[in-house]
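The values are calculated or read from the model by the stated rules, or taken from the named source; none is laboratory data. If you're wondering where the values come from, they're calculated on a predicted model, not measured in any experiment. All Cβ positions, even for glycine, are placed from backbone atoms using ideal geometry, and neighbour counts span all protein chains on display. In case anyone asks, the SASA skips ligands and DNA or RNA and just uses the protein heavy atoms, side chains included. Shrake-Rupley method; radii C 1.70, N 1.55, O 1.52, S 1.80 Å.
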Amino acid sequence: MPELPEVEVVRRGLERWAAGRPVSAVEVLDARSTRRHDAGPADFADRLTGARLAVPERRGKYLWIPLADRGPDAQALVAHLGMSGQLLVNEPGDPEPRHLRIRLLLEPAEEAGDGEDRSRELRFVDQRIFGGLFLDPLVEASDRPGQLLPASVAHIGRDPMDPDFDPEAVHRRLRLRRTGLKRAMLDQTLVSGIGNIYADEALWRARLHYARPTETLNRTESSRLFEAVREVMAEALSQGGTSFDSLYVNVNGDSGYFDRSLDVYGRAGQPCRRCARQGRESTIVRDRFMNRSSAYCPRCQPVPRRARW
DNA sequence: AGTGACTCCTGCCCGC
DNA sequence: TGCGGGCAGGAGTCAC
């Protein structure tokens, strides 16, 4: 389940292996993967062919590669990995994975160094097809003149790793909401990049329950929470991200190993590590909520008196 | 405008 | 063995 750290691992891989390269051919094998490209798969392929890929950028779970040399009507190739999307850099002719949906043939960059003078194939592989690729015009960020981002990403809030992330502003917006804390954390217009795994992990680290009403959160608690989000994401990034199976991989097809460091997600029925360190016993429980699961420690994350599910 | 339900998808796993 | 149903869930869309 790619969240911010996993998408950032992919972004770094693309910066290393794809940036600067011209696209010489595009093949859309499954039109559902270009669903968000309104003009259709043929238009997607036409407009991408001949473009040169610039340095990839990211906000939250959205990843985009600006197309260089496109003049005033600047465009970007936007990617969202959804639940199971992968962007892989392969040698042309490598065996094709089962769920290959789109492929781009990349030529060597002009200033290619040793070993980088060969063609590559950028592959979008996606089992569940919740993700996709599309082209989108770049627009100026409303809160930062000169900063460009795809029009369809403009409504997404800054993520906690963004240098312009404003925890105080997010705190104020949280206090105005009338919803549960985890719902708010998963709302990408409020703060982006957080999915189910890192929401549960950050709530555990901050000792807050997922059903805590957002309007009761004080400044200390919200800064503790966002500090926890940054911390857990930074640790995950340093370990190459989280993956439970072969679904989430970097551009070279390798898995991260942060799953070994998870404290609550996927640990229902197992002892809470923080409680154990304090010589107490508590078991992680799993609730069904919002059509997804929430894992927490009932002892150090007690259900609030006025819970808002 | 904020909120939450619904929908899109495939593969795996469970029970009968 | 086979099949139906539940589960995994990010985010756009829509109704209220």
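Going toward the positive end of the dipole of chain A, with +1 on Lys and Arg Cβ and -1 on Asp and Glu Cβ, which of A:P108, A:V26, A:T283 do you reach last?
In chain A, that residue is A:T283.
Going by average Cβ density within 10 Å per residue, which order do the peptides A:77-87, A:263-273 take, highest to lowest? Present the calculation step by step, with values, prior to reporting the outcome.
Numbers: A:77-87: 22.5, A:263-273: 17.3.
Going by the mean number of other Cβ atoms within 10 Å, highest first, we get A:77-87, A:263-273.
Any idea how far apart A:M83 and A:R260 come out in nm if each label point goes 7 Å out from Cα toward Cβ?
About 2.8 nm separates the two model spin labels.
Got a number for carbon plus sulfur as a percent of chain A's accessible area, 1.4 Å probe? It would help to have the intermediate numbers written out before the result.
Values: 6590 of 14150 Å².
Using a 1.4 Å probe with all protein chains present, chain A comes out at 47 percent carbon and sulfur.
Once you've got the GNM for chain A with C-alpha springs shorter than 10 Å, pick whichever of A:T220, A:T49, A:T283 has the biggest mean-square fluctuation.
Sorting by GNM fluctuation, first place goes to A:T220.
Can you order the peptides A:198-210, A:121-133 by their average number of other Cβ atoms within 10 Å per residue, highest first?
A:198-210, A:121-133
In a Gaussian network model over chain A where Cα atoms closer than 10 Å are linked, find which of A:A228, A:A31, A:A51 has the largest mean-square fluctuation.
Between A:A228, A:A31, A:A51, it is A:A31 that shows the largest mean-square fluctuation.
Tell me the relative contact order for chain A as a rounded percent, counting alpha carbon contacts under 8 Å between residues six or more apart. Intermediate results must be reported in sequence, preceding the final value.
Values: 652 pairs, mean separation 55.5, N = 309.
Reported as a whole number, the value is 18 percent.
Rounding to the nearest 10 and keeping the result within 0 to 90°, find how far the Cα-based axis of helix A:167-176 lies from the longest principal axis of chain A.
The helix A:167-176 is inclined about 60 degrees to chain A.
What does the convex hull of the Cα atoms come to per residue for chain A, in Å³?
Output value, Cα hull per residue: 142 Å³.
Helix-derived [θ] at 222 nm for chain A: sum -39500 (n - 2.57) over DSSP H runs of at least 4, divide by residue count, nearest 500?
-7000 deg cm²/dmol
Of the beta bridges DSSP finds with both residues in chain A, what % are antiparallel, to the nearest 5?
Counting only bridges with both partners in chain A, antiparallel ones make up about 100 percent.
Taking only C-alpha pairs under 8 Å that are 6+ residues apart, what is the relative contact order of region A:4-153 in percent?
28 percent
Using only the Cα atoms of region A:1-138, build the gyration tensor, take square roots of its eigenvalues as a ≥ b ≥ c, and label the shape rounded, prolate or oblate: rounded if a/c is under 1.5, else prolate if a/b is larger than b/c, else oblate. Before the final figure, lay out the partial values.
On the way: a/c = 1.26, a/b = 1.15, b/c = 1.10.
Judged from the Cα gyration tensor, region A:1-138 comes out rounded (a/c under 1.5).
Using alpha carbon centroids, what distance separates region A:121-142 and region A:151-205, in Å?
First find each Cα centre; the distance between them is then 22 Å.
Any idea what angle helix A:219-238 forms with the longest principal axis of chain A, computed on alpha-carbon atoms, 0 to 90 degrees, nearest 10?
50 degrees
Going by average Cβ neighbours within 10 Å, how do the peptides A:296-306, A:54-64 rank, with the highest at the top?
Ranking, from highest mean packing down: A:54-64, A:296-306.
Just to be sure I understand: with springs between alpha-carbon atoms less than 10 Å apart, which residue in A:M233, A:M185, A:M161 has the highest mean-square fluctuation in the Gaussian network model of chain A?
Looking only at A:M233, A:M185, A:M161, the largest GNM fluctuation is found for A:M161.
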